[in-house]
Amino acid sequence: HYVITGKSHGAGLGEALEESNSDFTATALKVAKILSRKEANRLALEAEHAESLAKHLGRPCSEAVACEACSVVLNMCYEKDNVETILEANAVAPLVTYLSSPDQTLQGNAAGAVQSISYQQLGREFLHDIGVIQPVVPLLKSNDAKVQTRAVGVIHNMSTDASTISDIRRADGIVPLISLLRSNNTGVCGSAAGALQNISRENASREIIRANDGVPPLIDLMMGNDVLSQVCSTGAVLNILGPELSDVPSHPRRVALRKLLTSSMVASLSYHGLFSPDSE
């Protein structure tokens, strides 16, 4: 029920964000973070608010301020138009810098903001141009669950664009993604499988996946009970093995493989639906 009901309220918050006192600014940003959980407040973002955020990201008066500013950007960028506003305010480059921070809280918040921005094509293009893949890949091995989850989310989003796939390969990001297929976190498994599905469109990346035994854990996910992981892993296996059968997608052998994989996924879903402890 926290909604900014008029421009004057938004302006008041903007003035609060201009304060230089560290504790006060961190508190104001925390309020902005809470307010930005509501769509109506996210839609109220104006250029001057984004510029204030950029200032606190680029020259934060404390680590707490930087952390809270990252979280505000994360929430604000759920709205497509806000991504452009944040980009125009030059607020994104500092986020990428924070991915290499020794502080895991700041890393996680920055990764969340970058993940939010990378949902949009414009955001992905900008992040690609400033080299976001290089600092994100090491975070795939982080021992912090939030950092790792958000990092693999960034890679999944960024791998949507063909131009980024070679960047992930050159940054040695494929092997860590294969390792994450065995994660105990279902969301991490799904994002890793989704990234590998996208990455396996490239010949050189397919070779790396095969050489590092990436197919068996993908097949294991196909037989699991998480729909996202099943769909993505099935797509990845089809991408990896299909070209071995024929270069033509409509070739009978590739069609047969597609039917086999789809049938296997459906059979697994049916089994888990019937025999899962949660089924009625």
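The values are calculated or read from the model by the stated rules, or taken from the named source; none is laboratory data. Since the structure is predicted, the reported quantities are computational estimates derived from the model, not experimental observations. Neighbour counts run over all protein chains shown; Cβ positions are idealised from the backbone, glycine included. The accessibility values were calculated without ligands, DNA or RNA, using every heavy atom of the protein model including side chains. Shrake-Rupley method; radii C 1.70, N 1.55, O 1.52, S 1.80 Å.
Some observations on this one:
- Among residues of the stretch 78-111 being open to solvent by less than 70 Å² (accessible area, probe 1.4 Å) and in a loop (DSSP other than H, G, I, E, B), the one that is farthest from E48 (Cα to Cα) is D103.
- For first residues located in the stretch 97-112 and modelled with pLDDT under 95, partners that are part of a helix (DSSP H, G or I) and surrounded by 24 or more Cβ atoms within 10 Å (Cβ to Cβ) and lie 6+ apart or on another chain with Cβ distances below 7 Å do not occur.
- Where a residue in the stretch 206-222 is of a type in the set (K, R) and its partner, wherever it lies, is part of a helix (DSSP H, G or I) and open to solvent by less than 70 Å² (accessible area, probe 1.4 Å), with Cβ under 6 Å and at least six apart: R206/I240
- Any chance G131 is of a type in the set (G, A, S), under 14 Å from P94 (Cα atoms) and buried (at least 16 other Cβ atoms within 10 Å of the Cβ): no
- Within the stretch 43-67, restricting attention to residues that are within 24 Å of the chain's Cα centre (by Cα) and over 19 Å from P94 (Cα atoms), the residue that is most open to solvent (accessible area, probe 1.4 Å) is L43.
- Options T85, T105; residue that is under 16 Å from F126 (Cβ atoms) and of a type in the set (S, T, Y): T85
- When the stretch 21-42 is limited to residues that are open to solvent by 20 Å² or more (accessible area, probe 1.4 Å) and within 22 Å of the chain's Cα centre (by Cα), the one that is nearest to C77 (Cα to Cα) turns out to be R42.
- Checking the stretch 224-239 against the condition returns no match, with no residue being of a type in the set (A, V, I, L, M), closer than 28 Å to T97 by Cα and either open to solvent by 50 Å² or more (accessible area, probe 1.4 Å) or more than 15 Å from the chain's Cα centre (by Cα) (or both).
- Within the stretch 146-161, the set of residues being within 25 Å of N184 (Cα to Cα) and open to solvent by 10 Å² or more (accessible area, probe 1.4 Å) comprises K146, Q148, T149, R150, H156, N157, T160.
- R124 meets all of the listed conditions (1) open to solvent by 40 Å² or more (accessible area, probe 1.4 Å); (2) more than 17 Å from L53 (Cβ to Cβ) but one, namely (1).
- Selection status of N143, surrounded by fewer than 15 Cβ atoms within 10 Å (Cβ to Cβ), outside any helix (DSSP H, G or I) and in contact (Cβ under 8 Å) with a residue 12 or more places away in the chain: no
- Residue that is nearest to the chain's Cα centre (by Cα), among those in the stretch 182-223 that are surrounded by 23 or more Cβ atoms within 10 Å (Cβ to Cβ) and not in a helix (DSSP H, G or I): S200
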